[in-house]
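Everything below concerns the one structure shown next.
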């Protein structure tokens, strides 16, 4: 069933909340957990449609995964020990799951077809295929850029040094996952550091990985093959990308103050928060600590007077998923918010540059987008949105949640269509937001 949600103006947001477990780390805890020898327990796994698709795919490949009360258990078979053929893995809308599983399969004696829904089937996959071809994996149609894709892995992959044209944690992770089965070192060179959750988790479990900056300012990640991964339990911190929605909502809604607990504050995920603070946001971090190699903290945010800024291209990799909700914050900023180097947004669940420009323009906010940039003309903190519009989410969860946050400061309701995909990353979004004072309701 496809649902629509009305978002209505609210007077204030307040309270302490916990958002779901980090999506990126949840995928990796299942996939990397399947490569240890023995059993690991995973606490606070994000039980979204995307992550469950990854769990179901691993089960089809023969892994033993089950949930015991609120704890997930994975019984791993060791590195490169998957085998079999004619597997059909339907990944739904999960781009992370599909791309990382290609890396896992590339390093095993496995043949499988990876498929997805209509949205995922339009997203580019050749960027994953090209480096995996170098490891010895084979594809029925290596020139295919879209799912479904049939891949056959190599029992002993060739160790590679691959220079990625873009900073992408999914490209990097797929290569490293394949390289775990290699005899020798696997290296990935990228123009900027992308999310390093894969490296952190592999290090935590016992792999040897180094990250160094090259003279040309690129980064090189090198991993030794055939490590012994220890069966250590993993606790998934809360997702900073999910936390971004209530945080921004509190910044733009008068008289608001909230605290989001136990959030992953990995520096490679903090681009949005650094940007908001530069814009004048009242955001603070407390109770800092570490969990299985990841830094976490509680984030407090309150209503703020914002100013428009130019976000440097160097920050894109650390906030690639947060540009839609940043665009909502930019409505209330004084002056233009300029986002450069964001072409990657065009290859997400939808073309997010086009979707945000169209939605903001329909709300009366002057917004322009080019191939790799976007400009939002801010209206200042005294501005009041009229609302009374319908936003098409294009089956993109982050577009949907962003405009639902905008509705909290609109004089008339904003209706967002096709909101079911919110479950792919933030189950109970409506209940969580309403719990701190939002007024969201199903149509």
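The values are calculated or read from the model by the stated rules, or taken from the named source; none is laboratory data. From a predicted model like this one, the values you see are computed outputs, not experimental measurements. Using ideal geometry, Cβ is built from the backbone for each residue, glycine included, and neighbour counts are taken over all protein chains shown.
So the values come out like this:
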| item | result |
| --- | --- |
| Matching option when the condition is free of Cβ contacts under 8 Å to residues at least 40 places away in the same chain, outside the structural domain of residue 424 (by TED's automatic domain parsing) and either at positive phi or touching a strand residue (DSSP E or B) at 6+ places or on another chain (Cβ under 7 Å) (or both), among 126, 59 | 59 |
| Flag if residue 32 is in a strand (DSSP E or B) and outside the structural domain of residue 262 (by TED's automatic domain parsing) | no |
| Checklist (1) farther than 14 Å from residue 96 by Cβ; (2) under 24 Å from the mean Cα position of the chain (by Cα) applied to residue 52, failing item | (1) |
| Filter result for the condition that a residue is within 24 Å of the chain's Cα centre (by Cα) and either over 21 Å from residue 86 (Cα atoms) or free of Cβ contacts under 8 Å to residues at least 60 places away in the same chain (or both), over 150, 172 | 172 |
| Residue match in the range 98-109 (condition: surrounded by fewer than 24 Cβ atoms within 10 Å (Cβ to Cβ) and touching a strand residue (DSSP E or B) at 6+ places or on another chain (Cβ under 8 Å)) | yes |
| Answer residue from the range 45-56, given it is under 18 Å from residue 117 (Cα atoms) and in contact (Cβ under 8 Å) with a residue 60 or more places away in the chain and is surrounded by the fewest Cβ atoms within 10 Å (Cβ to Cβ) among those | 49 |
| Filtered residues of the range 189-220 (kept if without any contact (Cβ under 8 Å) to a residue 60 or more places away in the chain, part of a loop (DSSP other than H, G, I, E, B) and either touching a strand residue (DSSP E or B) at 6+ places or on another chain (Cβ under 9 Å) or not assigned by TED's automatic domain parsing to the domain that holds residue 170 (or both)) | 191, 207, 208, 214, 218 |
| Matching residues in the range 229-240 - criterion: being in a loop (DSSP other than H, G, I, E, B), closer than 17 Å to residue 199 by Cβ and over 17 Å from the mean Cα position of the chain (by Cα) | 229, 230, 232 |
| Selection from the range 177-188 of residues that are under 21 Å from the mean Cα position of the chain (by Cα) and either surrounded by fewer than 23 Cβ atoms within 10 Å (Cβ to Cβ) or not in a helix (DSSP H, G or I) (or both) | 188 |
| Residue within the range 28-35 that is more than 22 Å from residue 423 (Cα to Cα) and either out of contact with any helix residue (DSSP H, G or I) (no Cβ under 6 Å at 6 or more places or on another chain) or surrounded by fewer than 20 Cβ atoms within 10 Å (Cβ to Cβ) (or both) present | yes |
| Test: residue in the range 37-52 that is within 30 Å of residue 386 (Cβ to Cβ) and either at pLDDT 95 or above or not in a helix (DSSP H, G or I) (or both) | no |
| Which listed residue, of 83, 69, is surrounded by fewer than 22 Cβ atoms within 10 Å (Cβ to Cβ), closer than 20 Å to residue 231 by Cβ and at pLDDT below 95 | 69 |
| Tally of residues being buried (at least 23 other Cβ atoms within 10 Å of the Cβ), out of contact with any helix residue (DSSP H, G or I) (no Cβ under 6 Å at 6 or more places or on another chain) and either part of a loop (DSSP other than H, G, I, E, B) or at pLDDT below 95 (or both) across the range 241-269 | 0 |
| Single residue of 286, 327, 304 found to be part of a strand (DSSP E or B), at negative phi and at pLDDT 95 or above | 286 |
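Results for (1) outside any loop (DSSP other than H, G, I, E, B); (2) under 26 Å from residue 425 (Cβ atoms); (3) outside the structural domain of residue 222 (by TED's automatic domain parsing), shown as yes or no for each residue.
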{"site": "76", "(1), (2), (3)": "yes, yes, no"}
{"site": "81", "(1), (2), (3)": "no, no, no"}
{"site": "85", "(1), (2), (3)": "yes, no, no"}
{"site": "93", "(1), (2), (3)": "no, yes, no"}
{"site": "96", "(1), (2), (3)": "yes, yes, no"}
{"site": "104", "(1), (2), (3)": "yes, yes, no"}
{"site": "114", "(1), (2), (3)": "yes, yes, no"}
{"site": "130", "(1), (2), (3)": "yes, no, no"}
{"site": "151", "(1), (2), (3)": "yes, yes, no"}
